[in-house]
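These notes concern the structure reproduced below.
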Amino acid sequence: MSNKFFTFAIVSIFLASCTHELTEISLYKATVELRKGATLQLVVQYQPKNAEDAALEVTWKSSDEAVAKVDNKGEVTAVEEGSATITATCGNFTAECAVTVVEGSFLTLDKKEIIAPDAEDGLGLYEIKVSSNTIWKVKVDQDWVKMDISYLKNVSKAQNEGSVDITFKVENSIDKNATVANVVFSYALDYASSEDEATVELTIKRDAATGNFFTVNNHNKKISFAPGNLTYNIGASSWSFHQNQYDFIGEDNLKVSSSSYTGDIDLFGWGTGDNPTFCSNNNEDYVKFTDWGTNSIKYPSGASTGWYSLETDELLYLLYQRNDADKLCGELTISAGKQIPGLVVLPDLWQAPDGVSFDAKAHNTCDKTTWEKMQTAGAVFLPAAGYRELGEYKTVDTDAAGKEYRLGYYNIKGKLSSYSFVESLYFSIHTDKEINITGGQAVPAGCGQAVRLVRQF
């Protein structure tokens with residue numbers, strides 16, 4: 001009996017020594033600043049750590065749920081800018097965390113897309129502006145896009161806050177099918193952590209409009225075409241390309257002679273790159289050729305240079321002498337709000353997209369969706385934009401048999417004859433859809449013609 005009693009006494013004394021009542025609770029963070037939309041898990045700490053009352057239920061409450069909400073497990077969600085107190089209650093004890101909600105995380109780019117025209121010596125440098133108020137990082141998925149990381153010198157290494165310019169160098173790629181690079185900016189949603197992220201994407205395209213190449217001489221010189229016909233704004237004295245390959249201005253080109261006209265023109269006399277509004281009925285006034293490509297031309301991703309006008313020999317090789325030349329040029333009418341006939345020139349390695357067919361010896365028609373597929377595959381479209389001469393604008397003419405045909409006249413760097421005629425690209429599309437193409441057609445130098453520039457691939 002005495003032994004049993006002694007054992008019971010020892011156990012009772014041991015249990016008593018291990019029993020600790022809860023004396024205090026606290027939260028591992030007493031104050032916290034959260035971005036709007038961020039979350040934070042609060043954790044209760046007990047004193048003593050092995051208190052038996054630690055198993056008691058903890059309840060949570062926010063002083064202002066419009067600012068910060070808390071669930072039954074202590075996860076806080078920042079709702080709106082302001083201040084709120086989160087209170088944890090365990091038995092008779094409470095602990096508080098003061099929450100300040102600040103502006104939500106953001107990251108913005110001043111552009112979402114860069115289009116880099118192909119060129120033999122590389123595709124150039126392109127700058128974007130990044131604005132953010134939180135931690136961010138950037139990743140590129142193509143090795144032909146190089147990023148200048150010197151921007152890190154201008155921002156906090158810890159948070160990358162503020163605005164900064166980043167320069168991307170776009171290079172040619174061995175894989176000619178690799179025409180799109182994705183640049184992903186990841187930024188932290190929480191001010192204090194980068195665990196929860198959102199992303200913003202920038203797309204870089206290599207000559208998206210006409211990215212495939214065209215051979216223009218027997219020395220394997222290759223070129224790519226500008227994304228649209230050249231335009232000049234008289235009021236701003238600025239050059240740009242039409243937004244779509246099938247766009248052209250039309251009759252408003254006759255306003256070039258009006259001193260009050262400040263709009264756009266896209267028909268130019270021969271060699272008027274330095275004086276685009278010059279018009280003269282005397283062809284002998286055109287004695288010097290200044291290429292339009294010598295100007296800085298507004299491009300979708302910024303100003304660009306390096307464009308030039310095709311030489312006569314290059315045009316002839318393109319139309320008649322390159323491999324399969326007779327299969328790579330033909331007539332097409334695009335339905336884009338109206339019927340727009342024109343000349344299609346296909347790249348050397350043309351592959352028709354799925355569901356698209358083109359026959360150079362037939363009449364071809366397509367809608368905008370089909371044309372966009374052809375354009376992505378490298379097709380070039382020169383609309384029958386007509387011509388301007390002696391105060392007259394014409395897009396349609398009639399042959400000896402009374403048949404109407406649409407006219408396309410395009411400036412090239414052709415030779416000037418002793419009679420002040422110049423060589424041009426001319427094509428006519430008849431009502432029966434037959435197309436006649438003449439490279440090196442003699443045209444009066446003062447005739448206002450369209451311009452489609454090229455650059456070396």
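Looking at the stretch 365-386, is at least one residue touching a helix residue (DSSP H, G or I) at 6+ places or on another chain (Cβ under 9 Å) and at positive phi? Yes, the stretch 365-386 has at least one match. How many residues are of a type in the set (Ser, Thr, Tyr), part of a loop (DSSP other than H, G, I, E, B) and either more than 26 Å from Val58 (Cβ to Cβ) or modelled with pLDDT of 80 or more (or both) if we restrict to the stretch 2-40? Here the count works out to 2. Listed conditions (1) within 30 Å of the chain's Cα centre (by Cα); (2) closer than 21 Å to Ala379 by Cβ; (3) at pLDDT 95 or above; (4) surrounded by fewer than 22 Cβ atoms within 10 Å (Cβ to Cβ) are all met by Lys222, apart from (3).
Of all residues in the stretch 180-216, count the ones that are modelled with pLDDT of 75 or more, under 15 Å from the mean Cα position of the chain (by Cα) and under 25 Å from His242 (Cβ atoms). Final tally of qualifying residues: 5. Output the residues belonging to the stretch 411-457 that are touching a helix residue (DSSP H, G or I) at 6+ places or on another chain (Cβ under 7 Å), polar (S, T, N, Q) and under 19 Å from Asp313 (Cβ atoms). Passing the criteria: none in range.
The residue list Ser280, Ser237, Ser257 contains one member that is touching a residue at least 60 places away in the same chain (Cβ under 8 Å), open to solvent by 40 Å² or more (accessible area, probe 1.4 Å) and out of contact with any strand residue (DSSP E or B) (no Cβ under 7 Å at 6 or more places or on another chain), which is Ser257.
Of all the strands (runs of 3 or more DSSP E) wholly in the stretch 358-457, which have at least 2 residues that are under 21 Å from Ile334 (Cβ atoms) and open to solvent by 50 Å² or more (accessible area, probe 1.4 Å)?
365-367, 404-416
The values are calculated or read from the model by the stated rules, or taken from the named source; none is laboratory data. None of the values given here were measured: they were computed from a predicted structure. Neighbour counts run over all protein chains shown; Cβ positions are idealised from the backbone, glycine included. The accessibility values were calculated without ligands, DNA or RNA, using every heavy atom of the protein model including side chains. Shrake-Rupley method; radii C 1.70, N 1.55, O 1.52, S 1.80 Å.
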